[in-house]
1. Please enumerate the residues belonging to the stretch B:159-211 that are within 10 Å of the chain's Cα centre (by Cα), within 16 Å of ligand 2 (Cβ to nearest atom) and either part of a strand (DSSP E or B) or at pLDDT below 90 (or both).
2. Scanning for something open to solvent by less than 10 Å² (accessible area, probe 1.4 Å), farther than 30 Å from A:Gly133 by Cβ, in a helix (DSSP H, G or I) and at pLDDT 85 or above, does the stretch A:194-206 turn up at least one residue?
3. Any chance the stretch B:235-254 includes a residue that's within 16 Å of ligand 1 (Cβ to nearest atom), modelled with pLDDT under 95 and open to solvent by 20 Å² or more (accessible area, probe 1.4 Å)?
4. Does the stretch B:179-198 hold any residues that are open to solvent by 50 Å² or more (accessible area, probe 1.4 Å) and away from ligand 1 (no atom under 16 Å from the Cβ), and which are they?
5. If I filter the stretch B:85-108 for residues that are in contact with a Ser or Thr (Cβ under 7 Å, 6 or more places away or on another chain), more than 10 Å from chain A (Cβ to nearest Cβ) and among the aliphatic types (A, V, I, L, M), do I get at least one hit?
6. Quick check: anything in the stretch B:17-26 away from ligand 1 (no atom under 16 Å from the Cβ) and either farther than 23 Å from B:Glu212 by Cβ or over 21 Å from the mean Cα position of the chain (by Cα) (or both)?
7. Out of all the residues in the stretch B:88-96, is one or more within 16 Å of ligand 2 (Cβ to nearest atom) and either open to solvent by 30 Å² or more (accessible area, probe 1.4 Å) or at pLDDT below 95 (or both)?
Amino acid sequence: MHKAQFQSPLYPYLLLLPQMAIVAIFFLWPSAEAVRSSFFLQDPFFGNETFVGIDNYTDAVTRSDYGRAAWFTFLFTVVVTFFSLGIALLLAVAADNVLRGQGPYKTLLMWVYAIAPPVAGLIGIMLFDQHIGPIVDFFALFGWDMRVGVDYWDSGIAMMIVATWKQIPVNFIFFLSGLQSIPKGVREAASIDNPSASGRFWTIIFPLLAPTSFFLMIINITYAFFETFGIVDVMLKGEPGNNPVTLVYKVFLDGFRGNDLGGSSAQSVILMVFVLALTIVQFRLIERRVHYT
Amino acid sequence: MTTLEIKQAVKRYPNGALAVKGVDVTVEDGELVVFVGPSGCGKSTLLRMVAGLESVTEGEIVLDGRLVNEVEPANRNIAMVFQNYALYPHMSVYKNLAYGLKNRGTPKAEIDAKVREAAKLLQIGDFLERKPSQLSGGQRQRVAMGRAIVRDPAIFLFDEPLSNLDAKLRNQMRLEIKRLQRRLGTAAIYVTHDQVEAMTLADRIVVLNNGEIEQIGTPAQVYGAPASTFVASFIGAPPMNLLKAQTGDGAIVIGESRIEAPVRANGPVTLGIRPERAHLANGSGGADGPPMKVDTVEELGAVRLIHGSVGGQHFTANQSADEPIPGDQVRLRLQADDLHLFDHGTGRRL
Ligand SMILES: Nc1ncnc2c1ncn2[C@@H]1O[C@H](COP(=O)(O)OP(=O)(O)O)[C@@H](O)[C@H]1O
Ligand SMILES: [Mg+2]
């Protein structure tokens, strides 16, 4: 095979430079800065810094509002991951049954769902609007006077529903393509071996989807933890009050509202370690991913 | 007794494609019936209708005296071996074999006994704990067979089970399938596009073409008296020579030469002559058949193929390697019994 050779050995590095610069400026430098400032007490008005060791960390994790946020984040993540995966799988199985062997249809559906997530997020938030939100009106019919942004659990449940709703399309696509990649012959052999459709699902289809499910689970945990900032922010309209917050949102609150840069840095470092751990787990999973061929 | 009756089966796919056009086939107890035909002729479709994997548009599938048109595949008492084996990739070989029995509520001890017996029969006992991905193609093939055997079905359905194997393994497995089927005494339908497989395996061959049956018969019947030019050219290798000829006055005329034969037909016909029944005589060595112009000789070891033309039409003859290599011009020596006459228009045997 013909190989393209660069004239100068420096040239490839030059090409890499813009990407490297972006990583350095927007990721490495802020991360390093966060780690550094997590060991200092910052004076927000005069910019003086005092080294305080791990005080910021001990302060952060022992405060009761941190515990509350951590607990809510955990609950939030479990609920969102479980329901967004579960509902997406249900929809994917239904769609898969309709689509079996009907190619053009499939691509069309994929498109719709690929476009959907940002739009779905916006719609979801609108649905819970205190004034025009139909879901709030709907629950009111059952005597549930939802006060999103005011009541702790009302806000929490609204966040969970919108976050779940927003993630379903992504999961749906992965599950659907996972289902479609299960060989037709295997399904047919199963239909000869097992008279029960639900039995076939749990003993054949679901195990064959396991690699997809593991992968999605990690993605969803990461999503619920870190990428729901916008949803929380819009729901609370920047006024946390008595509302539940996620850990990521709390970093923002403490740093920019509470002007506690040191404490907020310590919290973000903890989150960085967590995301690092998740990433390692994910890579391990991908490496060990069983290839059924 | 009859195991399976396919009565006037029609299959129209949702896209309108008419894959099977009113087919009647019966499979007797313990019989191995082969569906053979070119790719796309509807063999798999017909087999899958028997399995219940495709719905029956019209007609009836009767298995062991029971109409099964609307019966789920799992409740039909059939077992199928797929072309790409379709093993369950996440299950061990043992579990692959046991899966069907387990779902029928067979007791554990009985499952174990059956799995081990089948494994022994197929010599896969050493791989029972392996996953399919850890097996060679031939071993997977055996597992697929094992999965069919343990079910102890009324009929085995094979859909080109050997086409993913290399030639040597294919011949070996072909023989093994035949032995196994005889030994178990279970009726079977075997689908293939390979006429050699069809001839060697079948008790009876069903030749399909374009969704219709061309001929049903034993291998000897299908080879010896092909019902149409399609069958004649499909069964046997190299295929039967088909020449345009004229008949009349108790003779067949090809180009310039006449063959005296007791023919009733009068007018244009298609004359079929198997290469292995066209004997050659060098020069004018006593033969009185039509002359053949030789252009290429292929040595195949025990035999050689002589390609050329008779009356301006392509012709192949088969010769034992012991015989002398013919010159450019030879004469054919033909026996009246070896001449097959087909209708010039429809291609049906006369
Ligand atoms: N699922 C399907 N939908 C539409 N047409 C099909 C389908 N499966 C097969 N066919 C058509 O039916 C005909 C017979 O196919 P098949 O039974 O698979 O042939 P064979 O097994 O003899 O090669 C072919 O023309 C094929 O294109
Ligand atoms: Mg086929």
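The values are calculated or read from the model by the stated rules, or taken from the named source; none is laboratory data. Bear in mind the structure is a predicted one, so any value in this text is a computation, not a measurement. All Cβ positions, glycine included, derive from the backbone under ideal geometry; neighbour counts span all protein chains shown. When the accessible area is computed, the model is the full protein with side chains, heavy atoms only, and any ligands, DNA or RNA have been set aside. Shrake-Rupley method; radii C 1.70, N 1.55, O 1.52, S 1.80 Å.
1. Of everything in the stretch B:159-211, those that are within 10 Å of the chain's Cα centre (by Cα), within 16 Å of ligand 2 (Cβ to nearest atom) and either part of a strand (DSSP E or B) or at pLDDT below 90 (or both) turn out to be B:Tyr190, B:Val191, B:Thr192, B:Val206, B:Val207, B:Leu208.
2. So far as the stretch A:194-206 goes, yes, one or more of its residues are open to solvent by less than 10 Å² (accessible area, probe 1.4 Å), farther than 30 Å from A:Gly133 by Cβ, in a helix (DSSP H, G or I) and at pLDDT 85 or above.
3. no
4. Those that are open to solvent by 50 Å² or more (accessible area, probe 1.4 Å) and away from ligand 1 (no atom under 16 Å from the Cβ): B:Arg179, B:Arg182, B:Arg183, B:Leu184, B:Val196.
5. Among the residues of the stretch B:85-108, not one is in contact with a Ser or Thr (Cβ under 7 Å, 6 or more places away or on another chain), more than 10 Å from chain A (Cβ to nearest Cβ) and among the aliphatic types (A, V, I, L, M), which makes the answer no.
6. no
7. Scanning the stretch B:88-96, I find no residue that is within 16 Å of ligand 2 (Cβ to nearest atom) and either open to solvent by 30 Å² or more (accessible area, probe 1.4 Å) or at pLDDT below 95 (or both), so the answer is no.
Every residue, every condition in (1) outside any loop (DSSP other than H, G, I, E, B); (2) over 19 Å from B:Ala336 (Cα atoms), yes or no:
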residue: B:Ile213; (1), (2): yes, yes
residue: B:Pro226; (1), (2): no, no
residue: B:Gln246; (1), (2): yes, no
residue: B:Val253; (1), (2): yes, no
residue: B:Ala265; (1), (2): no, no
residue: B:Leu280; (1), (2): yes, no
residue: B:Asp288; (1), (2): no, no
